[in-house]
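The values are calculated or read from the model by the stated rules, or taken from the named source; none is laboratory data. Bear in mind that the values here come from a model prediction, so they are computed numbers and not experimental data. Virtual Cβ from ideal backbone geometry, glycine too; neighbours counted across all protein chains shown. Quick note on the areas: whole protein, heavy atoms, side chains included, nothing else; ligands and nucleic acids left out. Shrake-Rupley method; radii C 1.70, N 1.55, O 1.52, S 1.80 Å.
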Amino acid sequence: GEDVEQSLFLSVREGDSSVINCTYTDSSSTYLYWYKQEPGAGLQLLTYIFSNMDMKQDQRLTVLLNKKDKHLSLRIADTQTGDSAIYFCAETRLYGSGNTGKLIFGQGTTLQVKP
Amino acid sequence: DTGVSQNPRHKITKRGQNVTFRCDPISEHNRLYWYRQTLGQGPEFLTYFQNEAQLEKSRLLSDRFSAERPKGSFSTLEIQRTEQGDSAMYLCASRQTATEAFFGQGTRLTVV
């Protein structure tokens, strides 16, 4: 089945690293994504990782994928107050019959950054 | 490239009225998706278009909902006889490649 789970809340101090975790159940997932949503706004794509990769780094962001445990994490280095938002992980299957590339989202993790 | 554009940004309507939202995807993106997001939840898939063909509909999309993408460019989502439970953020996304899916700012619907 399809299910993506995230912890609901994370609070860190400015300058610390943040680690947001996600688990998924669909082993057929092709791509896994992290989106950021600020209040009242749409979703901003932060980064994504292909399912045959273990790690991807993009400036302050590091994505780790443990395919065996179906665990995905997003690490934000030197977290800033502007990083305060809701972070969603999502999975998709793009190949194979009937796969339309729709995204299956977790319920989101609210990141609070204290000055 | 101005990104995915959605209109209106906000809509307040009375229960029982019909509403229509519009999504303009990134040009040349052949895949277009509609999602619904309620407070405190992640977005949930509603429907998918590849060019002008609607290829998948979620069971969340009751028969009061209809979506079109007549020329494979912009798309509309109509809700007939709105109910309070329809109050949500409606998000549109488009993609061309197998990787990035880009979202618009959403239309927030409030049914009173």
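One residue alone among B:E28, B:E78 is of a type in the set (D, E), in contact (Cβ under 8 Å) with a residue 60 or more places away in the chain and part of a strand (DSSP E or B), and that residue is B:E78.
Residues are listed down the side, and each one gets a yes or a no for (1) among the hydroxyl-bearing types (S, T, Y); (2) crowded, with 17+ Cβ neighbours inside 10 Å:
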{"residue": "A:S7", "(1), (2)": "yes, no"}
{"residue": "A:V12", "(1), (2)": "no, yes"}
{"residue": "A:D16", "(1), (2)": "no, no"}
{"residue": "A:Y24", "(1), (2)": "yes, yes"}
{"residue": "A:S29", "(1), (2)": "yes, yes"}
{"residue": "A:F50", "(1), (2)": "no, no"}
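Could you please give the count of residues in the range A:87-115 that are surrounded by fewer than 20 Cβ atoms within 10 Å (Cβ to Cβ), at pLDDT 90 or above and facing chain B (nearest Cβ under 10 Å)? Going through the range A:87-115 one residue at a time, the tally reaches 2. Inspection of the range B:47-63 finds no residue satisfying the criterion of being of a type in the set (D, E, K, R), assigned to a strand (DSSP E or B) and touching a residue at least 40 places away in the same chain (Cβ under 8 Å).
B:L32 meets all of the listed conditions (1) within 13 Å of chain A (Cβ to nearest Cβ); (2) under 13 Å from the mean Cα position of the chain (by Cα); (3) farther than 10 Å from B:F74 by Cα but one, namely (3). Taking B:S5 as the residue in question, decide whether it is within 19 Å of B:F103 (Cβ to Cβ) and under 12 Å from the mean Cα position of the chain (by Cα). Judged against the criteria, B:S5 is a match.
Checking the conditions here, which among B:S73, B:S87 is more than 17 Å from B:V19 (Cα to Cα), open to solvent by 30 Å² or more (accessible area, probe 1.4 Å) and in contact (Cβ under 8 Å) with a residue 24 or more places away in the chain? Spell out how you get there, then give the answer.
On the way: B:S87 fails: more than 17 Å from B:V19 (Cα to Cα).
One residue alone meets the criteria, B:S73.
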